[in-house]
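The values are calculated or read from the model by the stated rules, or taken from the named source; none is laboratory data. Everything quoted here is computed from the prediction, not taken from an experiment. Cβ placement follows ideal geometry from the backbone for every residue including glycine, while neighbour counts extend to all protein chains displayed.
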Amino acid sequence: MAGDLFYITVRTLENPSYEHGITCSVNGFYKNDSSERVSFQPLPSQKANPCYSYTLAGCLNQLSPTFGKNLQTYLSSVLKCEPYFISPIAHPVNPWLVKQEKQIKVSSSEGVSQTVTPTHGYDPKQNRDWNEEFQTVKAFNTDSYMNRVQKDRAYMKVYQDFTDASIAGAQAIIEGKLTSLNPNEPVKQHVYVYNHIFFSYAVDTPTSYKDLTSTDQFPSFTQANHDIKGLQ
């Protein structure tokens, strides 16, 4: 290690069988002379053009003309889309995996009730059927630009509410505040239904899918991913 940030290997379309080593340093990216499983040389390449660039795309553009051509084609196609579809949307990034430093301040009756008797994401004022809401939004009319904007806004609202409710429910399960539907079985096989959301552990146990002949090493994780893709 020479104080660099990280090292990567790439294969270009010109020669897919050959791997190029790239170093990321505080000054940008450049090609090195490292060879996987043979030698590690993180310094700028002495055998060819090091392709200095402040961005990875710029470095790859010098390394592979085909990459640069395809990148330009892709960017041109993106710019032809409606501006709404390329506008960044803010999503919470792992908001409950890190400990919050700020103290909880109770300043309303709702805050008091959540502190005394937490509902873990369940809204007692309305009984929400998430599947019905998603299906209703997907059926919105998309004939005009404004209709598409309204559909995406409604979808993002339901998606954000569902995400918040799922996170709150998962927290309650991890903290042992919810009762499973099968308490007599091993902990990792417990399943829960709360706030119209089905929860289960996406982990593999010795008895998981023992009747299947699949070669998948992590079937539970794969199944959970397919469940999420089903919402798209």
I need a count of the residues in the stretch 28-55 that are loosely packed, with under 13 Cβ neighbours inside 10 Å and either of a type in the set (A, V, I, L, M) or touching a residue at least 12 places away in the same chain (Cβ under 8 Å) (or both).
8
Which one is nearest to residue 6 (Cα to Cα), of the residues in the stretch 17-47 that are assigned to a strand (DSSP E or B) and out of contact with any strand residue (DSSP E or B) (no Cβ under 9 Å at 6 or more places or on another chain)?
25
Note on the stretch 7-29: residues in contact with a Lys or Arg (Cβ under 9 Å, 6 or more places away or on another chain) and not charged (D, E, K, R) are 17, 18, 20, 21, 22, 23
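Taking the stretch 62-77 as the search range and keeping residues that are of a type outside the set (S, T, N, Q) and either within 20 Å of residue 52 (Cβ to Cβ) or not assigned by TED's automatic domain parsing to the domain that holds residue 14 (or both), which one is surrounded by the most Cβ atoms within 10 Å (Cβ to Cβ)? It would help to see each step written out before you state the result.
Filtering the stretch 62-77 for residues of a type outside the set (S, T, N, Q) gives 63, 65, 67-69, 71, 74-75.
Going one step further and asking which of them are either within 20 Å of residue 52 (Cβ to Cβ) or not assigned by TED's automatic domain parsing to the domain that holds residue 14 (or both), we end up with 63, 65, 67-68, 71.
Values: 63: 22, 65: 12, 67: 18, 68: 15, 71: 14.
The extreme case among them is 63.
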For residues that are modelled with pLDDT of 85 or more, of a type in the set (Ser, Thr, Tyr) and assigned to a loop (DSSP other than H, G, I, E, B), tally how many sit in the stretch 48-100.
4
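Could you please give the count of residues in the stretch 166-179 that are out of contact with any helix residue (DSSP H, G or I) (no Cβ under 8 Å at 6 or more places or on another chain) and surrounded by 14 or more Cβ atoms within 10 Å (Cβ to Cβ)? Steps first, please.
So in the stretch 166-179, the residues out of contact with any helix residue (DSSP H, G or I) (no Cβ under 8 Å at 6 or more places or on another chain) come out as 166-177, 179.
Restricting the remaining residues to those that are surrounded by 14 or more Cβ atoms within 10 Å (Cβ to Cβ) gives 166-173.
Adding up the residues that qualify gives 8.
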